[in-house]
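Here the structure is laid out as structure tokens; the discussion comes afterwards.
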Amino acid sequence: MREKNLSLDKLPIGEKCVVKRILSDGRLRRRMMDLGIVYGTEIEAIQSSPSGDPVAYGIRGAVIAIRSEDAKKIIIRM
Amino acid sequence: MGLTNQSTGSAGVPKDIVIESKNDKEKVIAIAGNPNVGKSTVFNSLTGLKQHTGNWPGKTVENAQGEYEHRGVKFRLVDIPGTYSLMANSVEEEVARDFICFGNADAVIVVMDATCIERNLNLVLQILEVTRNVVVCVNLMDEAKRKGIQVDIDELSLQLGVPVVGTSARSGEGLNELMDEVYNISCHGKLTFYVKTDYGEEIESAIKNIQEHISPIIGDKIDTRFLSLRLLDIDEKLRESLSSYIGEDILKNEDALNKIKEELDNIEKSGINKEEIRDVIVLKIVQKAEKIYKQVVKVNNKEYNSRDRKIDKILTSKKTGIPIMILLLMGIFWLTITGANYPSELIASGLFWLQDRLTDMFNYFNAPSWLHGILVLGMYRTLAWVVSVMLPPMAIFFPLFTLLEDVGYLPRVAFNMDKMFKKAHAHGKQALTM
Ligand SMILES: Nc1nc2c(ncn2[C@@H]2O[C@H](COP(=O)(O)OP(=O)(O)O)[C@@H](O)[C@H]2O)c(=O)[nH]1
């Protein structure tokens, strides 16, 4: 069994993962949680923008673009 | 921190706005929803031209109100800023929360995006904690159908305990039924059952204990379950709003304060520290939303989504994203400039023909030539030029731009360009919804 803890920005396009922890605090943390990113949420990396940042993620049926600096603060399990 | 004059002034309890024009016969309806769910479209369809805009008291957030009549009753619709939650993470959320909590509306319409029910439920569940006079409007039903997303409206209504109406606001579908339900709730107070989010044993017991304590102080000014929950994780802004609305700072009440502290200690003993309480609250709401979503929505046609994604890939990939964007924008400018030539000439020749007639008229009346100079050669001619040069391009450019917005291309542009905007220090949103 291969289980690794990564941050969301490392998730390859087309792959899915599960959220373990949000490291950011304050408003960013709230914003992420309001978008449904909490412990156990499944996230799929759908599409990268031309420059590679931000990346569009599939989260609970919505497509949401998150910048890599913010994605770094979301710890996931693949 | 005490309440300074300034902070009282900016507490922005928006009931002033409403009372100003409210008479007993008029029903006040708040309309809330996530951003981009078609809330403005619903608002505009219901109120038509009977609108006025301004700012929320003390805030730089726009406030729009409008009126409509249904079954002989006058309704005043108050547009609440589009938000993802009521947790007051931004000025918009603060305004939204204050109006829904303290605005004394007769009912709240919550507009949802049928293609994104799960995320939208977050806000719905939060609003249902404040008031039960809610009508849920599941908008963009046409879009959901196109994407093979099936929303069970009756089941959703059952799950939430409030009336739910499916609409396609752009074509006006379902809006009559929406007005019927708003009428029923605000005029007859149709009773609905109480849907509760269960926050887990520790927080629930704290809520119950605080509730017992504050009920005698608060009366029925505000839902005490909601208030008790909020008191566990109160912020300064809510405190200001509370004291200016209820007229007494409950947090100055020694007794209540001690009770809250005691309950917070109890929660902490069970392993949830003070900072984590809000996380737990949000988590429970998200989980509840997920549960309801699974019972209400079926996605039949997964292929459609994959087609959408293929298009997205072309519009935003490294190779094709930027070239397509440049071509599209160039195309629009080309259309605007060349397309505008013909109507421009037409308008110009028409207006200058009229100028000659005006000159004839001035000559006929033997008007002094300086008057003719100012009025006809000066004012009229300038106006004619401006109109003939500016009007056609605008009449072409803006509809084209609106079209791009309607097909959802603009968020893709933002997605493609985000890095550039950021380098230019134009701090955008932290998360862009597409
Ligand atoms: N297909 C479809 N589009 C809609 C519907 N309602 C609104 N829209 C479009 O959705 C976009 C956002 O609508 P708007 O009213 O500005 O959303 P708001 O941000 O919630 O106020 C606009 O381009 C509308 O034309 C609908 O029922 N069906």
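The values are calculated or read from the model by the stated rules, or taken from the named source; none is laboratory data. Being a predicted model, the structure only gives us computed values, none of them experimental. For neighbour counting, all protein chains shown are included, and Cβ atoms are generated from backbone atoms with ideal geometry for every residue, glycine included. Each accessible area value is taken on the protein alone, full model and side chains, heavy atoms only, with ligands, DNA and RNA left out. Shrake-Rupley method; radii C 1.70, N 1.55, O 1.52, S 1.80 Å.
Results, tabulated for the structure shown:
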read-out	value
In segment B:359-408, residue farthest from the other protein chains (Cβ to nearest Cβ) [restricted to those that are within 16 Å of the ligand (Cβ to nearest atom) and β-branched (Val, Ile, Thr)]	B:402
Qualifying positions in segment B:307-335 - in contact with a Leu (Cβ under 7 Å, 6 or more places away or on another chain), within 23 Å of residue A:45 (Cα to Cα) and more than 10 Å from every other protein chain (Cβ to nearest Cβ)	B:324
Residue satisfying all of: in segment B:263-301; in a strand (DSSP E or B) and at pLDDT 90 or above; nearest to the other protein chains (Cβ to nearest Cβ) among these	B:297
Criterion: more than 16 Å from the ligand (Cβ to nearest atom), out of contact with any helix residue (DSSP H, G or I) (no Cβ under 9 Å at 6 or more places or on another chain), acidic (Asp, Glu) and at pLDDT below 90 - qualifying residue of B:223, B:235, B:180	B:235
Qualifying residue in segment B:163-177 (condition: surrounded by 15 or more Cβ atoms within 10 Å (Cβ to Cβ), more than 16 Å from the ligand (Cβ to nearest atom) and under 25 Å from residue B:299 (Cβ atoms))	yes
One residue from B:37, B:91 being within 14 Å of chain A (Cβ to nearest Cβ), out of contact with any helix residue (DSSP H, G or I) (no Cβ under 9 Å at 6 or more places or on another chain), of a type in the set (A, V, I, L, M) and closer than 26 Å to residue A:28 by Cα	B:91
Count of residues meeting criterion [surrounded by 21 or more Cβ atoms within 10 Å (Cβ to Cβ) and modelled with pLDDT under 85] in segment B:61-87	1
In segment B:247-264, residue nearest to residue B:90 (Cα to Cα) [restricted to those that are acidic (Asp, Glu) and open to solvent by 40 Å² or more (accessible area, probe 1.4 Å)]	B:248
Among residues of segment B:225-241, those that are under 18 Å from residue B:285 (Cα atoms) and free of Cβ contacts under 8 Å to residues at least 40 places away in the same chain, counted	5
Residue in segment B:251-262 that is part of a helix (DSSP H, G or I) and within 12 Å of chain A (Cβ to nearest Cβ) present	no
Residue count, segment A:33-72 (criterion: acidic (Asp, Glu), facing chain B (nearest Cβ under 7 Å) and surrounded by fewer than 23 Cβ atoms within 10 Å (Cβ to Cβ))	2
Filter result (open to solvent by 10 Å² or more (accessible area, probe 1.4 Å) and aliphatic (A, V, I, L, M)) within segment B:33-60	B:46, B:49
Output for segment B:23-73, where each listed residue is in a strand (DSSP E or B) and farther than 20 Å from residue B:94 by Cβ	B:27, B:29, B:51, B:52, B:66, B:67, B:68, B:69, B:70, B:73
The one condition in (1) more than 30 Å from residue B:92 (Cβ to Cβ); (2) in contact (Cβ under 8 Å) with a residue 12 or more places away in the chain; (3) small (Gly, Ala, Ser) that residue B:244 fails to fulfil	(1)
Residue satisfying all of: in segment B:40-65; of a type in the set (D, E, K, R) and away from the ligand (no atom under 12 Å from the Cβ); farthest from the other protein chains (Cβ to nearest Cβ) among these	B:50
Strands (runs of 3 or more DSSP E) fully within segment B:75-176 counting 3 or more residues that are free of Cβ contacts under 8 Å to residues at least 60 places away in the same chain and more than 18 Å from residue B:61 (Cβ to Cβ)	B:134-139, B:164-166
